[in-house]
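K.L.:
Structure below; questions to follow.
Coordinate-derived values only; no laboratory data. Predicted model, so just to flag it, every value in this text is computed and none were measured. Note: ideal-geometry Cβ built from the backbone for every residue, glycine included; neighbour counts use all protein chains shown.
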Amino acid sequence: MKRIHLKTFGKILMGREEGRSSYHVFKEKLSEIPDGEKAFCDFTDVMVMAPSFCDEVFGEIEAESPARLVIDQNVNLATKKAFETVEQARKIKFEFGEYV
Amino acid sequence: MKINLDVLNSVQKNKETLYFDFSNLRSINSFEIVELFLYILSLGYVDYQVKERGEVFTKLKSVNFFQELEKIKQNKLGISSFRQKEEKDFCKLQSYFYKADFYSSCENIVALLINLGFTEELALLLLSSLGELVDNSFFHNLGRWDTRLGPLIIMLMQAFPEKREFNISVSDFGVGFLETLKKNYPETSNEEEAIKLALKENITSRIEKRGGNGLLFLQNNIFNGFKGNLLIRSRDTLIEVKKHEEIKLLKNNLPFRNSTNIFINLKY
């Protein structure tokens, strides 16, 4: 499992347009991880992520490449709610877990 | 909170000068402060004179009302910090000309909320909801902002720490809900219908029809994380949301053209 640090995208992850730009960078990082290997999304030092940003990055990636991501299970409540909102809207399920 | 908006009658316009007469008013609540602020700007504020002062004038002065009016008139950006050791009731207005202005003040907003007694989790939850509102406002009004004022978001925060009550209002001079949604939902015929529609899941004006859950997220957080209610005004129409699906039309003849105001009343 390879780690992607979300803090490299910013401390406050908000905005649909900002999410869209981040999606392209995130996808590039993901392409560096061999197929079949999962990417751990590390939210250490990220203050908060809002649903629209989450939708543009994680909603898109999950729809394109299901089960490729493992989301840091220690995300704070607000960030967890953003994931739940995207899950509900897109009828998808994110995998939460620890880095192994 | 009793909403009558009589305060709007205290403003008279003569040429480029506004005259304020607050003598008939005993008090003003935080929703009315924002509405008065928006109303003054909508009249083409250039200069003002206060004919009668009184308690309402003192209250407005204490929340930086006239200072913020001046800032907008001069289109000056000044991110006055929300980070203060506030122990008593307070109320503050803040204007944002760019989305980045809001992002710059996020940490201060969280610090202020925690100072008031919010848990860090609830403070971030509220911040995230505000972020969605601000993002939507800048996106939906791109190229359609009021030609005189340009992009502008007004935020007002009012706290009553002893009662553990907090109000926050996010307002703009954008095109409103109906104009935003009617392209994707042509059957929507008035602001009331448009606001009710926007409160539902996956309702968006975006061409690709993605997203559209900002208000839903706000509702979920307010009615699950906090106790509170929402007032939403789009142009001339004001509705109240008490809890999911409990929506009441309060007024549909207010003297506003382009502008919206989302007012959150929280008990934490």
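K.L.:
In segment B:159-193, whose amide N lies under 16 Å from the spot 7 Å out along Cα-to-Cβ of B:Arg144? List them in ranges.
P.N.:
Only B:172-193 fall inside the zone, counting backbone N under 16 Å.
K.L.:
If you don't mind, another one. Pairs A:Lys80/B:Lys200; B:Lys71/B:Lys267; B:Lys163/B:Lys243: which exceed 29 Å Cα-Cα?
P.N.:
With Cα atoms farther than 29 Å apart: B:Lys71/B:Lys267.
K.L.:
Here is a follow-up. Give the average, rounded to an integer, of partner chain Cβ atoms located within 10 angstrom of each Cβ in B:26-34.
P.N.:
For this peptide, the per-residue mean of nearby foreign Cβ atoms is 0.
K.L.:
Per the Debye formula with a single identical scatterer at each Cα and no solvent contribution, what log10 I(q)/I(0) holds for chain A at q = 0.23 Å⁻¹?
P.N.:
Values returned for q = 0.23 Å⁻¹ are -1.37.
K.L.:
Taking a cut-off of 16 Å between Cα atoms, list the aspartates and glutamates near B:Lys251, but don't count ones fewer than 8 places away on the same chain.
P.N.:
Correct list for B:Lys251: B:Asp6, B:Glu32, B:Glu35, B:Glu191, B:Glu192, B:Glu193, B:Asp236, B:Glu240.
K.L.:
A further question follows. Which Rg and Dmax, in Å, describe the Cα atoms of the protein assembly as shown?
P.N.:
When restricted to Cα atoms, the protein assembly as shown yields Rg and Dmax of 21.3, 74 Å.
K.L.:
How shielded is A:9-20 by partner chains, expressed as the average number of their Cβ atoms within 10 Å of its Cβ atoms?
P.N.:
5
K.L.:
Turning to a different aspect of this structure: Within 10 Å of each Cβ of A:83-92, how many other protein chain Cβ atoms are there on average?
P.N.:
3
K.L.:
Follow-up. Would you calculate, for the protein assembly as shown, the mean residue ellipticity at 222 nm contributed by helices, counting each DSSP H stretch of 4 or more residues as -39,500 (n - 2.57) and dividing by all residues, to the nearest 500?
P.N.:
Only helices count here, giving -11000 deg cm²/dmol.
K.L.:
While we're looking at this one, here's another question. Using all Cα-Cα distances in segment B:114-268, what percent lands in each 10 angstrom bin from 0 up to the longest?
P.N.:
11, 41, 35, 12, 1
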